[in-house]
Every structure is written in structure tokens, then in C-alpha cells.
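Heads up: the structure comes next, in C-alpha cells.
Any read-out appearing in this document is the output of simple, stated calculations on the displayed coordinates, not a laboratory observation. The model shown is predicted, which means the values in this text are computed figures rather than measured ones. FYI the Cβ positions are ideal-geometry reconstructions off the backbone, even for glycines, and counts take in every protein chain you see.
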Number of protein chains: 2
Amino acid sequence: MNAERIISGCGFFLRLDAQRRERLASLAEARTFARGQVIFRQGDDPAGLFIVATGLVRVYQLGPSGKEHVLHLAGPGMTFGEVAVLGDFPAPAFADANRKTTCLLLPSGALRATLRSDHELCLQVLGSMAFWVRHLVGLLEGIVLRDAAGRVAHWLLDQVSEGRTTIELPSQKKDIASHLNLTSETLSRTLRQLREDGLIEEPTGQRIVIKSPERMREVAEGFFPRV
Amino acid sequence: MNAERIISGCGFFLRLDAQRRERLASLAEARTFARGQVIFRQGDDPAGLFIVATGLVRVYQLGPSGKEHVLHLAGPGMTFGEVAVLGDFPAPAFADANRKTTCLLLPSGALRATLRSDHELCLQVLGSMAFWVRHLVGLLEGIVLRDAAGRVAHWLLDQVSEGRTTIELPSQKKDIASHLNLTSETLSRTLRQLREDGLIEEPTGQRIVIKSPERMREVAEGFFPRV
DNA sequence: CGTTCCGGTTGATCTGGATCAAGGCTCGAT
DNA sequence: ATCGAGCCTTGATCCAGATCAACCGGAACG
């Protein structure tokens, strides 16, 4: 697998020139994880910044009751583990592989050294972190201010790339439910409701088609709360 | 008011040397806001990075139903508005002054220019952003994984500086409740419960004394859910 | 000084989504 | 092919916390 190519397809390192991409690629180590394998644990010293090449990684936290909350479902081109490296503190969450997964790892020491020596890279990463904060704020907003249907609708709209209407679910529904702070039962019921209202179709278990983006947007914005 | 002094007391610019502090101070503009005054709105172009000198700022989002969620209560020495500047996108939230408030403003353009020219500063800010992400993740974790009592206990423990036991409430209880995603009624009831269980005392309306940090920690970690 | 208004407390009731329970389906392992 | 072991769905019930409502006390203001 071509490290440079993976790095250039990665949002976190957007708009990096070829030379810098090459430099980062030279630091990278390939890692593969089996289905279900734990990649790191909450409290671990940060190993480095991971970039998913293939597969899917679940980043999650555990509550005292054993409940888990999926913070992030990282598919190809997405990063995880970066925050602890940059802040130099223990990992604030767990990560495991949802299925067989390959990653690039930019080890903590090497990454930090590179950031220290490369001002331009540092600026890029700063911008990416700001986007990550915005994403988290959006997540929080969704969970706090929307009801179950609103969360699901909003998430569905987020998944479709501009203009398309078909969503390939990135993982099992139970993990998507957890990400939205719902139980899988409630997600199932909510999708059924959307189906019955004609807003979506589910031709297969892993695929959802949005039939009416306008009405969906209304549900997401909370205008459609009770029928 | 001394801009350099305020900057040096600000967590976001921790460990900056005198020269850099001075440089930032020279960019800063003083701003004062009356009680209730809106500082910026969701969707606004970012004005810059604000540092609270005196007073208190509420950073919050509005839901479709009109419900507001307080993301951040920024007191003296804390920053807000930084994320939109660094990411160069519209403000993701509203901010208003909870009472008469004075701030330093580092305007977007000047701040970005300084970051571009000062690699060391850039590294500092990167670390601060990572801490901010960790804080947000903690907030999300609290809201998703803890029940009402757990959230309140956790927040109270967060407010006491190491070793002390008295908390001066930074704002009205309704805003604290919103920050914890509770109604003020529920916060009131939860505090009463803690009071009756002998975990806290409320000598006045704005002051809370933690009587038993150990038991409080148990509540925060969810070990005390039903008596 | 009243008086108005807003924040906080407390009580009564309601409800969205969790939890508990029971099949059916898929898919990997044998 | 057969056999689990998860996963998903659907139904029935429950509950933490929201909502509704009433009251109190103090700060702002004429």
C-alpha cells in the first residue's frame, strides 16, 4: 500500500504539497488489526496519529454502567488518536477495529518532531483541529438539542455527499445508534417511521435511499417533531 | 487594564515568553459589553479571539424549539471565539455577556498573521486546541454516560481547585443547569438531594461547600446511582 | 418605599426513549 | 448442509427527567 497516496487522500493533511506528503510518508508505519482488536485504551500513552487506509475503526468511551458511547466511526481517509499526541496527554477514549483494518501510524515522537521543524505543516494541522472541534460541537448540539428523529435525519443528511441520495452504512446499526446516543431499538423504530412516512427506502440492510431531502431537512431541523 | 498581564494569566497562551506576550498584547483591543449584550451570533464571520478580563460570557447554541444549550461559561482568563478564527469558518455558536464584562480581542487578521510568522506560538496554540478538544469530549461523555446526579457531582469536583472545598458559582444556576443539559428544576432537586445526603452545604445561594469529596467522587463515577 | 420581575424551590403530572422480552435472519465456523 | 452467535426488529412496560404550576424572596426601579 502506498503511504503517500493515503496521506494525500486524508482530510487532516489537506492541501499539503508533495514534498511534505513524502516526508510524512517516510515516517509512517503500517499497522493491521483484526476484527474486534483493541487499538488503544483510555488512559494509554498516545501511540501516534492513525490514518485509516481500509476498514473501520470505532473510537468510544465506556461509562461506569458499562454503556459505551461511540465518539467517532473512522473510515478510510480519516484519522484518529491525533488529539492525545498533540496535547501530550493520555488517550481520552478507546479504539478498536470494527473489522479487518489497515492503518498508517505516524508515531508520536516523529510527528511531534516534524511539527516542531515544519511551520507550514503546523498551520495546516491547526486548521484541521479547528474543524475537528466544530465537528464535536455539532455532535454535542445534535445530542442535546434534537430529538431522536432529528438526530437520525441530521446524520443521514450528513452522510450523503452533495447531490447523491444513497447512503452505504459504514458499520452496524448498533454502532450508529450509539454514536447518536440512541439504543439500537430506537434507531430501528425511527427508521421504520421514516420509511412509513416515505422519506427513505431501505433496499438492503446496509443501504438507505433518501426519497425526500426537503422533508428530511425539516425533520432534522425539528419542524416535524410530532407528525 | 494591562493587556500583557491578562494574556499571561490565560490558559490558552500558557508558557509564552515575555517577548511574545508583549507582541500579542500590542495587537489586542479592549472591548466591554453590558449585561445581556450579544457579542457574536452563530453564523457570523469570526471577529477574533476573545480573552475575558472581568465578568462572564455565555457561549451557547439555540435549538429549533428555542431551547438553548450553554457550551461554555467563560470567566476571567478564559478564551472564546478562537475556534472559528483558527478554522476560518463562521462562528458555530452565540456568545453574550452574562453581566458587565471586559474582554481583550485579538482580531482575526492580526492573530492569523502572527501565527503565520511565529512557529513557537503556533505550537503552543496547537497544544491548547488539543486540550480544548479533550474538554469537549469530557463534556460529551458527561452528558451521554452520566445521570443527573453524576453530572452535577462531576461538575462540582471540576470547579474546586485542588485541595479547596468551597465553590463560588460562576453564574446563575439556570445557566449551569443548561451547561449540564438539565433543567433548573432538576438541578435544584439534585442539589437538595446532595444536601440531604450530607455531601454538600449551601451557606448562600452562590456558594457551595463540598463536605465529602470521596462520596462525591463515587456519585460522579456513577457508583451511587440509587441510594 | 411599594411594586414588578426574575430566579430559585418545590410539588404533581406527563412522556420520550430506555429496558425487558421474544422471534427471525445472516453469516461465519465446522 | 448444519449449527450457533450476533444482529436486527417488533412489542410491552418502565422510569428519569421534562413540563406544568404555584409560591417565595430579593434585586431593580419608579
Long-range amide H partners of A:Cys10, meaning residues 5 or more apart or on another chain whose placed amide H is closer than 5 Å, are none
Of A:Glu214, A:Glu185, A:Glu162, the most mobile residue in a GNM of chain A (C-alpha springs, cutoff 10 Å) is A:Glu162
Between the Cα axis of helix B:108-117 and the main Cα principal axis of chain B, the angle (0 to 90°, nearest 10) is 70 degrees
Label distances, nm, B:Gln42 versus same residue in remaining copies, Cβ-directed 7 Å point: 2.8
Got the relative contact order for chain A handy, in percent, Cα pairs under 8 Å and 6 or more residues apart? 20 percent
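Expressed as a fraction of 2.2 N^0.38 Å, the rule-of-thumb size for a compact globular protein of N residues, what is the C-alpha radius of gyration of chain B? Could you put the intermediate results ahead of the total?
Working: Rg = 18.7 Å, N = 227, 2.2 N^0.38 = 17.3 Å.
Ratio of Cα Rg to 2.2 N^0.38 Å: 1.08.
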Listed by chain and number, the lysines with an alpha carbon less than 21 angstrom from that of B:Lys211, same-chain partners under 8 positions apart left out, are B:Lys173
List the equivalent ellipsoid semi-axes of the protein assembly as shown in whole Å, largest first, each obtained as the square root of 5λ for an eigenvalue λ of the Cα gyration tensor. 33, 31, 23
Taking Cα atoms only, helix B:119-145 is inclined relative to the longest principal axis of chain B by an angle, in degrees rounded to 10, of 20 degrees
Tell me, what HN-Hα J-couplings in whole Hz come from the Karplus equation 6.51 cos²θ - 1.76 cosθ + 1.60 at θ = phi - 60° for each residue of segment A:83-98, using x for Gly and Pro? 4, 5, 4, 5, x, 6, 9, x, 4, x, 7, 8, 9, 9, 8, 6
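Shape of segment B:137-198 from its Cα gyration tensor (a ≥ b ≥ c, root eigenvalues): rounded if a/c is under 1.5, otherwise prolate when a/b > b/c, or oblate? Walk me through the numbers before you get to the answer.
Numbers: a/c = 1.35, a/b = 1.10, b/c = 1.23.
It comes out rounded by the Cα gyration axes.
Find the relative contact order for segment B:148-227 and round it to a whole percent, using C-alpha pairs within less than 8 Å whose residues are 6+ positions apart. Let's see the in-between values first.
Working: 85 pairs, mean separation 33.5, N = 80.
Reported as a whole number, the value is 42 percent.
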Using alpha carbons only, how many degrees (0 to 90, rounded to 10) separate the axis of helix A:184-196 from the longest principal axis of chain A? 50 degrees
Express the C-alpha Rg of segment B:1-58 as a ratio against the empirical globular expectation 2.2 N^0.38 Å, rounded to two decimals. 1.24
Using a 7 Å offset from the Cα along the Cα-to-Cβ direction at both B:Arg189 and A:Thr32, what is the distance between the two label points in nm, to one decimal? 5.5 nm
If all Cα-Cα distances of segment B:100-227 are sorted into 10 Å bins from 0 onward, what percent lands in each bin, rounded to whole numbers? 11, 34, 27, 17, 10, 1
Per the 1/(1 + (r/R0)^6) rule, R0 = 25 Å and r from the Cβ atoms of A:Leu169 and B:Leu62, FRET efficiency to 0.05 is 0.25
